[in-house]
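Undergrad: This is the structure I want to talk about, given as structure tokens.
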Amino acid sequence: MNKYKWWKEAVVYQIYPRSFQDSNNDGIGDIPGIINKLDYIEDLGIDVIWLCPVYKSPNADNGYDISDYNRIMDEFGDLDDIKELIKKVHNRDMKLIMDLVVNHTSNQHEWFIKSKKSKINPFRDYYIWKDGKEGKFPPTNWESYFGGSSWTYDQKTKQYYLHLFAKEQPDLNWENKEVRHKIYEMMRWWLDKGIDGFRMDVINMISKDQTFPDGEEKKKGEYGDGTPYFLNGPKLYEFLKEMGEEVLFDYDIMTVGETNNFGIDNAIKFSKVNDKDLLNMIFHFELMSVDRDKDNKWIEKDIDLKEIKSIYKKWNQKLYNKGWNAVYLGNHDQPRIVSRFGDDKNYRNESAKMLATMILTMPGTPYIYQGEEIGMTNVKFDDIGKYRDIETINYYRMQNKKNKRVDEILKDIHRVSRDNARTPMQWDESFNAGFTESTPWIDINPNYKNINVKNEQNDPDSILNFYKQLIKIRKNNKTLIYGKYEPVLEDDQNVFSYFRKDSNGIYLIILNFFEKSQVIDFSSKVSCENLNLIISNYKNNEYANLLNIKIKPYESLLFKLS
């Protein structure tokens, strides 16, 4: 395994184009708006920009329902704009990766429109069509990720089509070789335009068990769990190996797979295909269920720090010298990290910096989601009409039908809705946070006058400037990239601590995950003559030794030992 790779040393910044910067004042972020902010991204220290979908789309799921892979959404610009973006990103010695959404398309894609025409249409087999059970029930009892059945009946052809997400997102039939090669042609088309890789959306769903069995019901009469039959399917390795041989192995690019319930063994197996990297790294979801029910994101549970430690230990130690990890806490599908894992009321500054310290000192490639670097928070809209996310709106409707109190439904939504991450970027304290001069597609978080880029740029003690410092520290200390991970104080319920070690040095990271101060004695765990504090999220910290350190609320400490 080649230890040194550019994508291992990169720091990635994820952009949700609709909410980043509006250049033409139509209330919607766009590609020229991103171009206008490239200096900001470069100044942050970013190496790679991950661009969420900008392809042609009717926006049933904000761009993850693609109607034309070779065109740009009108609201975002055109192909000339994306070419200009690629050029200007490369001129700054940064790279650009794009979302690859090929488990499904939009129901307005030309392929699906033709597929619906008749059972004998040449495009029929581009999608997954099945007869119903007993002529009146869906082919399986699988539940869609957005609620309801994962099958929709077509009155004209008297069959059902599969959609694991919204009914507007029919699943492609990867068993069809012609479909696969159309996708490979599209991938080459984009790579030849100069993009530097792909984030592969729900990529471990592309292979389905072709017997299409019912899933297990938790309660009689409810939908069944179809995940054993459409996650990590029987031909997944075969399909991705083919993708590598047909496309990916011909380019020096970065690939990251979004892979729910994938597991470490698969993470290692799928990163090695013919001794070449296919999935350079994956997004696993184990950390995304530490504060919620594993099977129902709307059901809250208390965070157990020992569970978080256990997950990091498992992934960091088993992947060491065998695979590579993608390190993230937030993205466009998750709540804001400071609201979720920190304290966005009393210790927003401190807890946001503590979480940044963890992300940027862990093994793996760190991903920063737009606004994370200024400590943007969840939003609490008081009216469901202000929400735009299809999953959120469907949840509200279903709970309303069950007569759940509106205030309780909104409480759930305030905590975990995907729209928490999708409110516009907060650039300054001016009208609409400097995002647009028009009515934004979704309301701005009302706290933008206090939390914005301009304020943080002018404050040397800001979250933004802390991120900049941490990114520089990571880049200048390869031990924090390639060094071995060793946990410390694994049974402590409040403090998360670990070493990063290699022949170049030893670093000790100490993170207080809670608002209560802690006194910890590290002297029996660490033997060193010199203790050099590299960075902390509190001012005026001085530590002569590691005996009975008093750790402040949400404090983070990065030491170099010698």
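Undergrad: May I ask you to list the residues in the stretch 505-562 that are at pLDDT 90 or above, assigned to a loop (DSSP other than H, G, I, E, B) and basic (Lys, Arg)?
TA: 516, 552
Undergrad: Let me ask something additional. Residue 4 passes all but one of (1) among the aromatic types (Phe, Trp, Tyr); (2) within 20 Å of the chain's Cα centre (by Cα); (3) modelled with pLDDT under 95; which number fails?
TA: For residue 4, the exception is condition (2).
Undergrad: Residues being out of contact with any strand residue (DSSP E or B) (no Cβ under 9 Å at 6 or more places or on another chain) and closer than 10 Å to residue 387 by Cα: count how many of those fall in the stretch 403-420.
TA: The qualifying residues number 4.
Undergrad: State whether the residues of the stretch 471-481 include one that is buried (at least 17 other Cβ atoms within 10 Å of the Cβ), closer than 30 Å to residue 302 by Cβ and under 27 Å from the mean Cα position of the chain (by Cα).
TA: No: zero hits.
Undergrad: What number of residues in the stretch 428-451 are among the hydroxyl-bearing types (Ser, Thr, Tyr), without any contact (Cβ under 8 Å) to a residue 40 or more places away in the chain and part of a loop (DSSP other than H, G, I, E, B)? Please lay out each step first, then the result.
TA: Applying the first criterion (among the hydroxyl-bearing types (Ser, Thr, Tyr)) to the stretch 428-451 yields 430, 436, 438-439, 448.
Next, from what is left, pick out any that are without any contact (Cβ under 8 Å) to a residue 40 or more places away in the chain: 430, 448.
If we keep only those that are part of a loop (DSSP other than H, G, I, E, B) too, we end up with 430.
Total satisfying the criteria: 1.
Undergrad: A follow-up question, please. Among the residues of the stretch 518-536 satisfying the criterion of being touching a residue at least 24 places away in the same chain (Cβ under 8 Å) and farther than 21 Å from residue 493 by Cβ, which is surrounded by the fewest Cβ atoms within 10 Å (Cβ to Cβ)?
TA: Kept after step one, since they are touching a residue at least 24 places away in the same chain (Cβ under 8 Å), are these residues of the stretch 518-536: 518-523, 525-526, 528-535.
Within this subset, residues satisfying the condition of being farther than 21 Å from residue 493 by Cβ are 528-535.
Working: 528: 16, 529: 6, 530: 8, 531: 16, 532: 13, 533: 13, 534: 17, 535: 18.
Out of the qualifying residues, it is 529.
Undergrad: Kindly evaluate residue 134 against the criterion of being over 20 Å from residue 16 (Cα atoms), at pLDDT below 95 and outside the structural domain of residue 54 (by TED's automatic domain parsing).
TA: Details: over 20 Å from residue 16 (Cα atoms): yes; at pLDDT below 95: yes; outside the structural domain of residue 54 (by TED's automatic domain parsing): yes.
Judged against the criteria, residue 134 is a match.
Undergrad: In the stretch 382-420, which residue that is touching a Lys or Arg at 6+ places or on another chain (Cβ under 6 Å), surrounded by 18 or more Cβ atoms within 10 Å (Cβ to Cβ) and not acidic (Asp, Glu) is nearest to residue 457 (Cα to Cα)?
TA: The qualifying residue nearest to residue 457 (Cα to Cα) is 420.
Undergrad: Name the residue, out of 95, 114, that is assigned by TED's automatic domain parsing to the domain that holds residue 38, over 20 Å from residue 212 (Cβ atoms) and out of contact with any Cys (no Cβ under 9 Å at 6 or more places or on another chain).
TA: Details: 114 fails: assigned by TED's automatic domain parsing to the domain that holds residue 38.
Step by step, each of 95, 114 is checked, and only 95 is assigned by TED's automatic domain parsing to the domain that holds residue 38, over 20 Å from residue 212 (Cβ atoms) and out of contact with any Cys (no Cβ under 9 Å at 6 or more places or on another chain).
Undergrad: OK, next. Give me the residue from the stretch 122-143 that is without any contact (Cβ under 8 Å) to a residue 24 or more places away in the chain and surrounded by 14 or more Cβ atoms within 10 Å (Cβ to Cβ) and, out of that set, nearest to residue 226 (Cα to Cα).
TA: Among those that are without any contact (Cβ under 8 Å) to a residue 24 or more places away in the chain and surrounded by 14 or more Cβ atoms within 10 Å (Cβ to Cβ), it is 138.
Undergrad: Tell me, yes or no, whether the stretch 452-467 has at least one residue that is aromatic (Phe, Trp, Tyr) and either modelled with pLDDT under 95 or in a helix (DSSP H, G or I) (or both).
TA: Yes, the stretch 452-467 contains a residue that is aromatic (Phe, Trp, Tyr) and either modelled with pLDDT under 95 or in a helix (DSSP H, G or I) (or both).
Undergrad: Report, by residue number, each residue of the stretch 114-138 that is in a loop (DSSP other than H, G, I, E, B) and in contact with an Asp or Glu (Cβ under 8 Å, 6 or more places away or on another chain). Write out each step before concluding.
TA: To start, the set of residues in the stretch 114-138 that are in a loop (DSSP other than H, G, I, E, B) comprises 116-123, 128, 131-132, 134-136, 138.
Passing the criteria: 116, 128.
Undergrad: If the requirement is being of a type outside the set (Val, Ile, Thr) and either on the phi > 0 side of the Ramachandran plot or in contact with a Gly (Cβ under 6 Å, 6 or more places away or on another chain) (or both), which of these qualifies: 287, 278, 248, 231?
TA: 278
Undergrad: Pull up the stretch 153-167, narrow it to residues that are surrounded by fewer than 22 Cβ atoms within 10 Å (Cβ to Cβ) and either of a type outside the set (Ser, Thr, Tyr) or touching a strand residue (DSSP E or B) at 6+ places or on another chain (Cβ under 6 Å) (or both), then point me to the one that is nearest to residue 226 (Cα to Cα). Write out each step before concluding.
TA: In the first step, residues of the stretch 153-167 are kept if they are surrounded by fewer than 22 Cβ atoms within 10 Å (Cβ to Cβ); the result is 153-159, 167.
Narrowing further to those that are either of a type outside the set (Ser, Thr, Tyr) or touching a strand residue (DSSP E or B) at 6+ places or on another chain (Cβ under 6 Å) (or both): 153-156, 158-159, 167.
On the way: 153: 18, 154: 21, 155: 24, 156: 27, 158: 23, 159: 19, 167: 16 Å.
Once the filter is applied, the top-ranked residue is 167.
Undergrad: Cβ-Cβ below 6 Å, separation at least six or inter-chain, first residue in the stretch 392-406 and assigned to a helix (DSSP H, G or I), second surrounded by 14 or more Cβ atoms within 10 Å (Cβ to Cβ) and of a type in the set (Gly, Ala, Ser): which pairs?
TA: 392/417; 394/147; 398/147
The values are calculated or read from the model by the stated rules, or taken from the named source; none is laboratory data. This is a predicted model, so every value here is computed, not measured. Every residue, glycine among them, receives a Cβ derived from its backbone with ideal geometry; neighbour counts consider all protein chains shown.
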